[in-house]
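As structure tokens, the structure follows; a few thoughts come after it.
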Amino acid sequence: MIYITRRERFNAAHRLFLPKYSDEQNLKVFGKCSNPNWHGHNYDLFVTIKGEVNPETGFLVNLKDLSKIINQFIIEKLDHKNINLEVDFMKGKLTSTENLAIAIWEQLDQPIKDLSAELHNVKLFESENNFVEYMDPNA
């Protein structure tokens, strides 16, 4: 079994808040991230896949193909967007980095299977100090 990782980047805005909370309660729970005027991040996304090396090509998958999938299903939908308002796969979800990483997994799982590989890990950095890692829930 071999593991390979592709990094992609995107910039997006969001707001952490629960409509049932008052502004004061949202501020207490989510801090500055509940700013009604949004805030943004320069995200780094690392997608790790696993599988067997094709003896003919020497690849698990062509990384150009993996990049195309990540860009089609994730980057084009998130880059320079408001996650709360514009991202279809985040509708109705709290836009925490944790929830975003899980949603990215859900978007990529089948397209990566279609490449004859398996999604192993999604690692999403929202800053140089903070990141979320979501692993294969079936492993």
Q.
Could you work out the relative contact order of the chain? I mean the mean sequence separation of Cα pairs under 8 Å and 6+ apart, divided by the number of residues, in percent.
A. 30
Q: May I ask you to compute the full-extension gain from M135 to N35, defined as 0.36 nm times their residue separation minus their alpha-carbon distance, rounded to one decimal in nm?
A: 33.0 nm
Q: Please return the longest stretch of the chain lacking exposed loop sites, where GluC sites (Glu not before Pro) count only if DSSP places them in a loop and at most 12 other Cβ atoms lie within 10 Å.
A: 57-127
Q | Helical contribution to [θ] at 222 nm, DSSP H n ≥ 4, -39,500 (n - 2.57), averaged over the chain, rounded to 500 | A | -7500 deg cm²/dmol
Q) Taking amide hydrogens as modeled 1.01 Å from N in the peptide plane, which residues meet the under 5 Å criterion relative to A117, leaving out close sequence neighbours? A) none
Q) Which angle from 0 to 90°, rounded to the nearest 10, does the C-alpha axis of helix 97-113 make with the longest principal axis of the chain? A) 30
Q) Quick one: longest stretch of the chain between exposed loop trypsin sites (Lys or Arg not before Pro), exposed meaning at most 16 other C-beta atoms within 10 Å and loop per DSSP? A) 21-90
Q) If you build a Gaussian network model of the chain, linking Cα atoms that sit under 10 Å apart, which residue out of L108, L100, L63 swings the most? A) L63
Q) How long, wide and thick is the chain, going by the Cα atoms along their three principal axes, in whole angstroms, largest first? A) 60, 28, 27
Q.
Looking at the chain as a GNM with Cα springs under 10 Å, which of P111, P55, P36 has the largest mean-square fluctuation?
A. P55
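Values quoted throughout were computed directly from the atomic coordinates according to the rules given, and no laboratory measurement underlies them. It should be emphasised that the depicted structure is a prediction, and the values quoted were computed from it without experimental measurement. Don't worry about glycine lacking a Cβ; one is built from the backbone with ideal geometry, like all the others, and counts go over all protein chains shown.
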